[in-house]
Amino acid sequence: MSDTKFAQQGMSFRQSVEHMVDHAIEIMDLDAGIGDALKVCKSVIQVSFPVEIDGHVEIFTGWRATHSDHRLPSKGGIRYAPIVDQDEVEALAALMTYKCAIVDVPFGGSKGGLIIDPKKYERHQLEAITRRFARELIGKGFMSPAKNVPAPDMGTGPQEMGWMTDTYRNLFPDDINYMGVVTGKPVEHGGVRGRNEATGRGVQYALREFFRHQDEVKSAGLEGDLGGKRVVVQGLGNVGYHAAHFLQTEDDCKIIAIIERDGAIVNPEGLDVDNVALYLRETGGVEGYEDATFQADGSSMLELDCDILIPAAMEGVITHENADKIKARVIAEAANGPVTYSADQKLQQRGVVIIPDAYCNAGGVIVSYFEWIRNLNHVRFGRIDKRFHEARGQKIITAIEMATDTKIPDWLKESIACGADEFDLVRSGLDDSMRLGMQEIIEKRRSNEKIEDYRMAAYVIAIEKIARTYRDIGY
Ligand code: GLU
């Protein structure tokens, strides 16, 4: 999958990320050595382990790479995919380092991968495989609440995270912070409300902030706000679904095409994202969905005329081959590494604005950070102060009504006298981080004429922050 796409262009995924980082380093005034230190992956482990499946033994192979540990724990998801390798895991771990730095999440970068097609296994088999993989990582020092904290990624979700946490707890029952060993857990088992939607929600917040900067919007060749913008989404998994769902239901975007594994469906009037998601769950594909035309060659729909393209499936889908045919004016990289290095250069020359992965999909790790804090605090956000704020709001309403002798309308009363619950707080924290991230990127690009695009600006911001830590505490 990823590897072939990148390999066809004579460059692996890791090399593609490195090239982008090199490019950023070139225009910065960095201490000798820091650039080199940044590019190496600090440690990586490969594990192979047997699991009995239906009476016979199968061997599974996986990796966990720690790209950086200047801040601890190192953080990043674990993906389950039929094709994944060390190179890909290292590239993704590096992206996690930059991602955390850009949005000020105080973690290092890590990533894991296991070669498996999860769809081929039953639940109890997946549980056995996941628990065994977790034991391997824990035993080798690649998973603990203080040093290395996994999360969901492609092919994994709250269920796998729950099993991993329980495996750790069984091994270390005296660790009072065991819940913090993994994020993205089920809400009933230490997860935080809003983590599941977080990455897609973050993509929405990133686009909203971009559209608050009308001069930037104009330079992309667009105008106005998000309402009515024509959006193409590739991949209706957790990230793509939530991004498309929120953009459609809250920002009035038109989702004119959805690209899935079996092809794409197109409707210039806009697709009903929730209906499509339901259909996809029931039939396993999008072919046959009423109210749309079907295109068997799904990836050709990346080239559809639209305002915003959201690749939310996998890496290496926009390459030097199709880059010139992309008609979108804005690409929001919801997946990690969807645009290869050479495609990035071509798109940039044509003035296509790319909101880069290392920022655009950081919503997941931002809310993972909140979950980890919640786990270390052993208390749900809002539990202590929700009623207090409600009572204070009530008093303010009474005071205003008494002083002005006018009744405040009920709808306004409700919002003034409302204490924030965990969902509200997580969403507002995520919104704030995404807004600040985009603002910093825009400012950084404007501040230096050598910085031509947002990706470069994002990398420069990340490298500056990491370099500062290196200078202060050494590598
Ligand atoms: N797998 C997600 C990512 O690539 C989330 C990582 C995390 O929450 O640690 O950003």
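The values are calculated or read from the model by the stated rules, or taken from the named source; none is laboratory data. The model shown is predicted, which means the values in this text are computed figures rather than measured ones. As a convention, Cβ positions derive from the backbone with ideal geometry for all residues, glycine included, and neighbour counts pool all protein chains shown. All accessible areas refer to the heavy atoms of the entire protein, side chains included, with ligands and DNA or RNA removed. Shrake-Rupley method; radii C 1.70, N 1.55, O 1.52, S 1.80 Å.
Condition check for residue 420 on (1) in a loop (DSSP other than H, G, I, E, B); (2) of a type in the set (Gly, Ala, Ser); (3) within 16 Å of the ligand (Cβ to nearest atom): one failure, at (3).
The sole residue among 437, 429 that is within 16 Å of the ligand (Cβ to nearest atom) and closer than 30 Å to residue 350 by Cα is 437. For region 302-319, check the following and say yes or no: at least one residue is within 16 Å of the ligand (Cβ to nearest atom), acidic (Asp, Glu) and over 22 Å from residue 227 (Cα atoms). Taking every residue of region 302-319 in turn, at least one turns out to be within 16 Å of the ligand (Cβ to nearest atom), acidic (Asp, Glu) and over 22 Å from residue 227 (Cα atoms). Among the numbered conditions (1) away from the ligand (no atom under 11 Å from the Cβ); (2) small (Gly, Ala, Ser); (3) farther than 23 Å from residue 59 by Cα, the only one that residue 134 does not meet is (3).
Residue check: is residue 224 more than 13 Å from the ligand (Cβ to nearest atom), at pLDDT 95 or above and open to solvent by 20 Å² or more (accessible area, probe 1.4 Å)? Break it down stepwise before answering.
Numbers: more than 13 Å from the ligand (Cβ to nearest atom): yes; at pLDDT 95 or above: yes; open to solvent by 20 Å² or more (accessible area, probe 1.4 Å): yes.
Yes; evaluated as a whole, the condition is true for this residue.
Taking every residue in region 280-294 that is closer than 13 Å to residue 259 by Cβ and open to solvent by less than 80 Å² (accessible area, probe 1.4 Å) and pairing it with any residue that is outside any helix (DSSP H, G or I) and of a type in the set (S, T, N, Q), at least 6 positions away or on another chain, the pairs with Cβ-Cβ distances below 6 Å are 292/267. Taking (1) under 27 Å from residue 87 (Cβ atoms); (2) touching a residue at least 60 places away in the same chain (Cβ under 8 Å); (3) in contact with a strand residue (DSSP E or B) (Cβ under 8 Å, 6 or more places away or on another chain) in turn, residue 157 satisfies each apart from (3).
Taking the conditions exactly as written (closer than 18 Å to residue 367 by Cβ and either in a helix (DSSP H, G or I) or away from the ligand (no atom under 12 Å from the Cβ) (or both)), does residue 180 satisfy them or not?
Yes.
Each residue in region 108-149 was checked for being farther than 21 Å from residue 171 by Cβ, open to solvent by less than 60 Å² (accessible area, probe 1.4 Å) and of a type outside the set (S, T, N, Q), and 8 of them qualify. Residue count for region 53-86 satisfying the condition of being open to solvent by less than 10 Å² (accessible area, probe 1.4 Å), within 16 Å of the ligand (Cβ to nearest atom) and more than 21 Å from residue 315 (Cβ to Cβ): 1. The residue that is modelled with the highest pLDDT, among those in region 21-41 that are open to solvent by 20 Å² or more (accessible area, probe 1.4 Å) and of a type in the set (A, V, I, L, M, F, W, C), is 41. Residue-level analysis places residue 23 outside the set of residues that are away from the ligand (no atom under 16 Å from the Cβ) and under 22 Å from residue 134 (Cα atoms).
With respect to residue 72, is the statement that it is within 20 Å of residue 371 (Cβ to Cβ) and either among the acidic types (Asp, Glu) or modelled with pLDDT of 95 or more (or both) true? Taking the combined requirement at face value, the residue satisfies it.
Residue selection: residue 385 satisfies the criterion of being open to solvent by 60 Å² or more (accessible area, probe 1.4 Å) and at pLDDT below 95. For residue 341, indicate whether it is within 23 Å of the chain's Cα centre (by Cα), modelled with pLDDT under 95 and buried (at least 19 other Cβ atoms within 10 Å of the Cβ). For residue 341, the condition - within 23 Å of the chain's Cα centre (by Cα), modelled with pLDDT under 95 and buried (at least 19 other Cβ atoms within 10 Å of the Cβ) - is met.
Restricted to strands (runs of 3 or more DSSP E) entirely inside region 1-119, those with at least 3 residues that are aliphatic (A, V, I, L, M) and touching a helix residue (DSSP H, G or I) at 6+ places or on another chain (Cβ under 7 Å) are 43-53.
In summary, residue 193 fulfils each of the numbered conditions (1) assigned to a loop (DSSP other than H, G, I, E, B); (2) closer than 24 Å to residue 314 by Cβ; (3) within 16 Å of the ligand (Cβ to nearest atom); (4) open to solvent by 10 Å² or more (accessible area, probe 1.4 Å) with the single exception of condition (2).
The set of residues from region 305-343 being of a type in the set (D, E, K, R) and farther than 18 Å from residue 99 by Cα comprises 305, 307, 321, 324, 325, 327, 329. Total residues in region 359-373 satisfying the condition of being near the ligand (Cβ under 9 Å from one of its atoms) and under 13 Å from the mean Cα position of the chain (by Cα): the figure is 9.
For residues that are more than 10 Å from the ligand (Cβ to nearest atom) and not hydroxyl-bearing (Ser, Thr, Tyr), scanning just region 94-110, find the one that is nearest to residue 465 (Cα to Cα).
Checking each candidate, the answer is 101.
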